[in-house]
Amino acid sequence: MLSLAGTGAGVPRGKPRASSPKLHGRIPGKDEVMLSFVKRLINEESGQDLAEYGIALAVIAVGAAAAAVVIAGDVQTLWESGRDAIASALP
């Protein structure tokens with residue numbers, strides 16, 4: 001059995017810390033900072049354009065993907081026709 005008795009294990013070393021006021025995980029003034037940040041986000045309109053462009057880009061991407069799925073069969077037929085034409089032209 002391993003014993004840590006007499007090794008100083010568990011004993012803090014160095015200078016003891018100065019006691020600080022108990023904040024219970026809260027930062028003073030954080031609520032006011034967050035409230036002013038949310039108010040600024042609500043009133044600010046500069047980011048709305050970027051969001052609208054992002055939505056438009058997503059709609060275009062979905063449309064392009066849907067078009068690719070729709071024409072996939074036609075493209076496959078086109079490649080097969082080209083392959084057959086080349087194969088019949090070769091001796």
Could you check, for region 27-36, whether at least one of its residues is hydroxyl-bearing (Ser, Thr, Tyr), exposed (fewer than 10 other Cβ atoms within 10 Å of the Cβ) and modelled with pLDDT of 65 or more? no
Are there any pairs with C-beta distances below 7 angstrom linking a residue in region 50-66 that is at pLDDT below 95 to a residue that is charged (D, E, K, R), with the two at least 6 apart or on different chains, and if so which? none
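The values are calculated or read from the model by the stated rules, or taken from the named source; none is laboratory data. The model shown is predicted, which means the values in this text are computed figures rather than measured ones. No Cβ is skipped: glycine too gets one built from the backbone with ideal geometry, and neighbour counts run over all protein chains shown.
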